[in-house]
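Visitor: Next up is a structure, given as structure tokens.
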Amino acid sequence: MSSALETTKLSKRYGRTWALQDCSVTLPAGRVASLVGPNGAGKTTLLHLSVGLLEPTAGDVRVFGLSPRAQPDETLPRLGFVAQDHPLYKGFTVDDLLTLGRKLNPRWDDALARARMQKLNIPLNRRAGKLSGGQQAQVALVLALAKRPDLLLLDEPLASLDPLARREFLRTLMDAVVETGLTVLLSSHIIGDLERVCDYLIILSASHVQLAGDIQEVQRTHKRLIGPRQDEEALASVHSVIEASHTERQTTLFVRANGPLFGPGWEVQEASLEDIVLAYLSQQVTERLQAPPAAQEQKGVEVVK
Amino acid sequence: MIEFHLDSHSGVAPYLQLVQQVKQALRLGLLEVDDQLPTVREVVAQLAINPNTVLKAYRELEREGLVASRPGQGTFVRRTLAGASLAHQATLRRSLTRWIQSAYEAGLDGESILALFLSTFQEAQKEETA
């Protein structure tokens, strides 16, 4: 399958701080992917590098095989991007925004934009700043979709929305996916909503990619094991132990299985998407805590954005 | 036509929830042969879910021979799971309702009733297979 987005050892440094390091990740075309990670993990940096707003310090980023900075004329018409807090020109009416979109974008689909605004009951003569937060998010999404992009990047699109507005936003997005088969990459730290809309997961933390893959495959291979107190070493020689905790009598492991899981006394439990994401994110914290003082200090500097 | 719903906290994969809901509808006679399932687009619009999830659920039902897709038309029921038992279901449901009422009157709460039903059901199954 061809890739919509591919990064190779992509890195970005601001002064002495690495915002993104050695990020190699492939997003196959036609996927709806979520990019999750804590604040400051490098999610926004990765998105800005992907649309060419930033220049990489090292490494390479390709959108449908093209470089967004070296070949903007070929790349940018195929890209849609909604930045954090879905910024709009607040003094423009919705109609003005549609005119602007039509004049600036060669692939603009005016009929689609107007049909969607009508479906969402968004008045065209209203100034963007006078719309509700949910409506502003919808307008930003419709403008991005009217570009007819092949890859749509959304930076924290759900963060400021109430649950109902969130559902409406995702409904518009999924409807566009059915209609055009576009690839979506959306960053978020709200995991609950992602489970129903995303089929691909990228976990970014401390400026590194921790995990990337098909969500069902990810869920199939990650399990929680509960058993009598024991060392995890035997298991860790075959499987990847993401998280281990022990009490006097009990051991709980969170593992990525690299083959069939077996072993006497282990109770194997399914893990939810949220469990998996949290296990990877807290793993980072543990590693940082266990690092020797000098290395810890250095790593601390890298993490701060 | 049936309507799907999703429980985000059930721990059951979304596609499997859709499969189970179609089977349940087939068992209860809510869907019959030649009935149409909602189109992928309708399900997506209703639940705001990934279209691949719906496609996967429909493929699974197709693989089990329960539904078939007709190009350009949609997905239709081929086989029902209700069978001959459907005729008896109404009567059985009425006597079960009476039984539940008498359990409540005897002072059992919902969980105790379910536990009693399940353990009795499991015992009866054992005897059946013995």
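Bear in mind these aren't lab numbers, they're just calculated from the coordinates by the rules spelled out. Computed from a predicted model, the values in this text were never measured in an experiment. A quick note on method: Cβ atoms are made from the backbone with ideal geometry, for glycine too, and the neighbour counts reach across all protein chains shown.
Visitor: Going down the table (A:LYS9/A:LYS147; A:LYS9/A:LYS90; A:LYS103/A:LYS130; A:LYS147/A:LYS223; A:LYS223/B:LYS23), which pairs top 32 Å between alpha carbons? Kindly include the intermediate steps, with their values, before the conclusion.
Guide: On the way: A:LYS9/A:LYS147 30 Å; A:LYS9/A:LYS90 38 Å; A:LYS103/A:LYS130 24 Å; A:LYS147/A:LYS223 41 Å; A:LYS223/B:LYS23 28 Å.
Among A:LYS9/A:LYS147; A:LYS9/A:LYS90; A:LYS103/A:LYS130; A:LYS147/A:LYS223; A:LYS223/B:LYS23, the Cα-Cα distance tops 32 Å for A:LYS9/A:LYS90; A:LYS147/A:LYS223.
Visitor: May I ask for the percentage of alpha-carbon pairs in segment A:54-184 that lie more than 25 Å from each other? Provide the component values of the computation, followed by the final result.
Guide: Details: 2074 of 8515 pairs.
Beyond 25 Å sits 24 percent of the P(r) for segment A:54-184.
Visitor: Can I ask one more? Restricting the count to DSSP beta bridges whose residues both fall in chain A, what percent are antiparallel, rounded to a multiple of 5?
Guide: Percentage antiparallel, nearest 5: 70.
Visitor: Using Cα centres only, tell me the gap between segment B:62-130 and segment A:166-241 in whole Å.
Guide: Using only Cα atoms to place each centre, the spacing works out to 35 Å.
Visitor: At R0 = 25 Å, how high is the FRET efficiency between A:ALA58 and A:ASN258 if r is their beta carbon distance? Nearest 0.05 is fine. Please report the intermediate quantities before stating the final value.
Guide: Details: r = 31 Å, r/R0 = 1.22.
Efficiency at R0 = 25 Å is approximately 0.25.
Visitor: What lysines does A:LYS12 reach when the alpha-carbon gap must be under 20 Å and sequence neighbours fewer than 8 apart in one chain are set aside?
Guide: A:LYS43, A:LYS299, A:LYS305
Visitor: Moving on. What does the average come to when, for each residue of peptide B:31-44, you count the partner chain Cβ atoms lying within 10 Å of its Cβ?
Guide: On the way: counts 0, 0, 0, 0, 0, 0, 0, 0, 1, 1, 4, 1, 2, 9.
Mean inter-chain Cβ contacts per residue within 10 Å come to 1.
Visitor: Would you kindly give the portion of the calculated P(r) for segment B:14-81 that falls above 21 Å, as a percent of all Cα pairs?
Guide: On the way: 334 of 2278 pairs.
Roughly 15 percent, once rounded to a whole number.
Visitor: At a threshold of 8 angstrom on Cα-Cα distance, excluding pairs fewer than six apart, so keeping six or more, what relative contact order does chain A reach in percent? Kindly include the intermediate steps, with their values, before the conclusion.
Guide: Working: 565 pairs, mean separation 63.2, N = 305.
Relative contact order comes out at 21 percent.
Visitor: Next question, about the same structure. Using the count of nearby Cβ atoms within 10 Å as a rough guide to exposure, how do A:ILE202, B:ILE113 rank from fewest to most? Don't skip to the end; give the middle numbers.
Guide: Working: A:ILE202 24, B:ILE113 15.
Going from least to most buried by this count: B:ILE113, A:ILE202.
Visitor: Counting only other chains, and only Cβ atoms inside 10 Å, what mean value do you get across the residues of A:163-174?
Guide: Working: counts 0, 0, 0, 1, 2, 1, 1, 5, 6, 2, 3, 11.
The shielding value for this peptide is 3.
Visitor: With each pseudo-label sitting 7 Å past Cα toward Cβ, what's the A:ARG107-B:LEU30 distance in nm, one decimal?
Guide: In this crude spin-label approximation the distance works out to 4.0 nm.
Visitor: So which trypsin sites (Lys or Arg not before Pro) in segment A:69-137 are both in a DSSP loop and have at most 16 other Cβ atoms within 10 Å of their Cβ?
Guide: Numbers: sites: A:ARG69, A:ARG78, A:LYS90, A:ARG102, A:LYS103, A:ARG107, A:ARG114, A:ARG116, A:LYS119, A:ARG126, A:ARG127, A:LYS130; in loops: A:ARG69, A:LYS90, A:ARG107, A:ARG126.
Here the sparse-neighbourhood loop sites are A:ARG69, A:LYS90, A:ARG107, A:ARG126.
Visitor: Rounded to the nearest 0.05, what FRET efficiency is calculated for B:GLU42 and A:THR247 with R0 set to 35 Å and r the Cβ-Cβ distance? Walk me through the intermediate numbers first.
Guide: On the way: r = 50 Å, r/R0 = 1.42.
In this case the efficiency is close to 0.10.
Visitor: Right, next: For a quick check: sort A:ILE122, A:ILE215, A:ILE276, B:ILE100 by the number of other beta carbons within 10 angstrom, fewest at the front. Mind dumping the intermediate values first?
Guide: Details: A:ILE122 18, A:ILE215 22, A:ILE276 25, B:ILE100 14.
Lowest count first: B:ILE100, A:ILE122, A:ILE215, A:ILE276.
Visitor: Starting from the amide H of A:ALA19, placed 1.01 Å from N in the peptide plane, find each other amide H under 5 Å away whose residue is 5 or more places distant or on another chain.
Guide: A:LYS12, A:ARG13, A:TYR14
Visitor: Grab the eigenvalues of the alpha-carbon gyration tensor for the protein assembly as shown, scale each by 5, take roots, and send me the semi-axes largest first in whole angstrom.
Guide: Details: eigenvalues 363, 230, 76 Å².
Equivalent-ellipsoid dimensions as semi-axes: 43, 34, 20 Å.
Visitor: Name the chymotrypsin sites (Phe, Trp or Tyr not before Pro) in segment A:1-89 that are in a loop by DSSP and that have at most 16 other C-beta atoms within 10 Å, would you? It would help to have the intermediate numbers written out before the result.
Guide: Details: sites: A:TYR14, A:TRP18, A:PHE64, A:PHE81, A:TYR89; in loops: A:PHE64, A:TYR89.
Within segment A:1-89, the qualifying chymotrypsin sites (Phe, Trp or Tyr not before Pro) (loop, at most 16 other Cβ atoms within 10 Å) are A:TYR89.
Visitor: Turning to a different aspect of this structure: Identify the chymotrypsin sites (Phe, Trp or Tyr not before Pro) of segment A:231-266 meeting these criteria: DSSP loop state and at most 16 other C-beta atoms within 10 Å of the C-beta. Intermediate values should be presented prior to the final figure.
Guide: Values: sites: A:PHE254, A:PHE262, A:TRP266; in loops: A:PHE262, A:TRP266.
The qualifying sites are A:PHE262.
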